[in-house]
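To keep things clear, I will list the structure first and then write my remarks on it.
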Amino acid sequence: MNRPDEEEDEDDNRRLIPQSSTFQIDDHDEDDDRKSPSPSPPRHHHHHLLLRFFNKRYIFTLTLPIIILFIYFTADFKSLFHTNNIITSSSSSSSSSPVSQQSINLMREAELRALSLLHQQQSHLLHLWNITSNNSGQQDLKSLLVDQISLNNKVQQVLLSSHQLDNVTDSSLTGTDAGALITCGKVDQKLPQRRTIEWKPKKDKYLFAICTSGQMSNHLICLEKHMFFAAVLDRLLVIPSPKVDYEFNNVLDIDHINKCVGTQVVVTFEEFAAQRSKNNRMHIDKVLCYFSLPQPCYVDDDHVKKLKAIGVTMSDIKTVWNDEDVKKPTFRTVGEIRDKFSSNDDVLAIGDVFFADVEKEWVMQPGGPIAHKCQTLIEPSRVILLTAQRFIQTFLGEKFVALHFRRHGFLKFCNAKNPSCFFPIPQAAECISRLVERANIPVIYLSTDAAESETGLLQALVTLNGKTVPLITRPPRNSAEKWDALLYRRKLDGDPQVEAMLDKTICALSGVFIGAPGSTFTEDILRLRRGWGTASVCDEYLCQGEVPNFIAGDE
């Protein structure tokens, strides 16, 4: 008996084989065959079985491509294998499994959740920024907020980069450019609130300035303090002779000081000598030492010999305070200065006062403590100022960051402090890069005494948005360049003190200044910036608030 399905097969077979071929298929059980063997089937029966087997293979071969095409066009292969570049190619090969796809979905969900949280944080930071934006007394907090907003934005961009969301327009996923915030404006100096003292010297009463400690910057600060003492004591200030001190006439405009005050308040040593030599009185009538330790007046025998060599003699030295030490100065008031140093003698000297701590806030205010009609009294000469401006116009432009990078002798000096102020080059580069990003000024003027090995590494590491920020220094003299022609014509080029003052002037005119902590060169620049109104709210010492990530041991 034939089964129904076999009838359909037979019907197909009729079209494929001759009509004369007839086949018989016995319908019996396999168990029955084992119980009672039957005679061997005829040969044509085997042919029939083989033909049926190949006919089924043929049909399957024809229908398989159709099945594959059907699956291909109906299944979402893209959703099975596409990972949107969140995972690596090695992991994407197994993405077709449900477990892998679930992990990818969880990863994407976590990243998007992180983006949402970062955006919330950024909103709160911006809110704090808006609160503090009108309060100049909270600049440190504002700077910290800008740093955090910038860091937040970077994290958001990193997370977004893994998704390649080309069609994102929602501001909640695009971040906020911290550089767009106006963060490095000028400091409000509050000049109307400036406390001043009138400088009205008595006729023929002099204060003979003596400055011995440190280099030019220390001497300029010493002179500034001498000016304050002279104003308090109603005396003319005598600028030191270049034979015993620096050639101040090359770097300062002495007449500028008198013009600003409105009367003669300072005289050069040559003017003093000309007036006093008429009476043969090149003599310091009274020496009242401000400091008593480590030696009276902080003046050594060598300096006394130099004074004698130019015809200046001194009376006996007396100390005002027996325990006033340059290493531990005591705060003094104007009343104490008048009480201890007032005298009827014509010529008075009080020794080096660089370390004196007298009315510090008053002395350090913008423009200084003395009443005058200029921005500041002690400033670079007109020639140096014009040369600095020409250099800026040639190489820097209006917006630039200035960096005083003190290195020579600074390692030992800083490591004697706690904490140290000598930073490894990579750490210093990170600090500088952060401030450059905050200021959004990709040009740096470098004032340094560092070796080329250090400046070369620093140049390679200071970057902004993945690009190297140029560190510009003053080039050697070149006749084809005219920015330094004024110095050349006056034979001032190559003078180390003139070049130092030129560096200070360029730094003082910068948009943002990064100083060397503990350096009087930096402090003099900051004084000029306060006086000239160029001080920025972003001005800071190198790596301010940090400590070096590695400090060498003691000797």
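The values are calculated or read from the model by the stated rules, or taken from the named source; none is laboratory data. Because the structure is predicted, anything quoted here is derived from the model rather than measured. Neighbour counts are summed over all protein chains in view; Cβ atoms, including those assigned to glycine, are modelled from backbone coordinates with ideal geometry. Side chains are part of the model used for accessible areas, which takes the heavy atoms of the whole protein and leaves out ligands, DNA and RNA. Shrake-Rupley method; radii C 1.70, N 1.55, O 1.52, S 1.80 Å.
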Query raised in the report: Within the accessible area of region 413-555, what % is carbon and sulfur when the probe is 1.4 Å and the other protein chains stay in place?
Result: 53 percent
**Report entry** Percentage relative contact order, region 438-555, counting C-alpha pairs under 8 Å, at least six apart
**Finding:** 20 percent
Query raised in the report: Per the 1.4 Å probe, what fraction of the accessible area of region 319-364, in percent, lies on carbon and sulfur atoms?
Result: 44 percent
**Report entry** Distance in nm between pseudo-label sites at ASN258 and LEU117 (7 Å out along the Cβ direction from Cα)
**Finding:** 7.1 nm
**Report entry** Label-point separation in nm, GLN101 to LYS318, each point 7 Å along Cα→Cβ
**Finding:** 10.0 nm
Query raised in the report: For ALA451 and SER343 in one chain, what is 0.36 nm times their gap in residues minus the Cα-Cα distance, to one decimal in nm?
Result: 33.8 nm
Query - Extension reserve of the ASN418-GLU336 stretch, reckoned as 0.36 nm per residue once the Cα distance is removed - result: 26.3 nm
Report task. Would you work out what percent of the accessible area of region 184-311, with all protein chains in place, is carbon or sulfur (probe 1.4 Å)? Result -> 46 percent
Query raised in the report: Between LYS491 and CYS374, what FRET efficiency follows from the Cβ-Cβ distance if R0 is 30 Å, with the result rounded to 0.05?
Result: 0.60
Query raised in the report: Which peptide among 353-360, 370-377 comes first, and what is the full order, when sorted by highest mean count of other Cβ atoms within 10 Å?
Result: 353-360, 370-377
Query raised in the report: How much net charge surrounds ALA231 when only other residues with a Cβ under 9 Å from its Cβ are counted (Lys, Arg +1; Asp, Glu -1)?
Result: 0
Report task. Could you provide, to the nearest whole Å², the per residue accessible area of region 318-374 with probe 1.4 Å? Result -> 50 Å²
Query raised in the report: Which of the peptides 470-478, 539-547, 317-325 is most tightly packed, and how do the rest follow, judged by the mean count of other Cβ atoms within 10 Å per residue?
Result: 539-547, 317-325, 470-478
Report task. With the Cα gyration tensor of region 391-519 in hand, give its eigenvalues times 5 under a square root as the equivalent ellipsoid semi-axes, listed largest first in whole angstrom. Result -> 26, 19, 13
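With a 1.4 Å probe and all protein chains left in place, how much accessible area per residue does region 407-534 have, in Å²?
44 Å²
Show me 453-465, 400-412 ranked by packing, highest mean number of other Cβ atoms within 10 Å first. Don't skip to the end; give the middle numbers.
Working: 453-465: 15.9, 400-412: 19.5.
By packing density, highest mean first, the sequence is 400-412, 453-465.
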Query raised in the report: Accessible area, 1.4 Å probe, largest first: how do LEU293, LEU106, LEU288, LEU348 sort?
Result: LEU106, LEU293, LEU288, LEU348
Query - Rounded, prolate or oblate (a/c below 1.5 giving rounded, otherwise prolate when a/b exceeds b/c) for region 294-385 by Cα gyration tensor - result: oblate
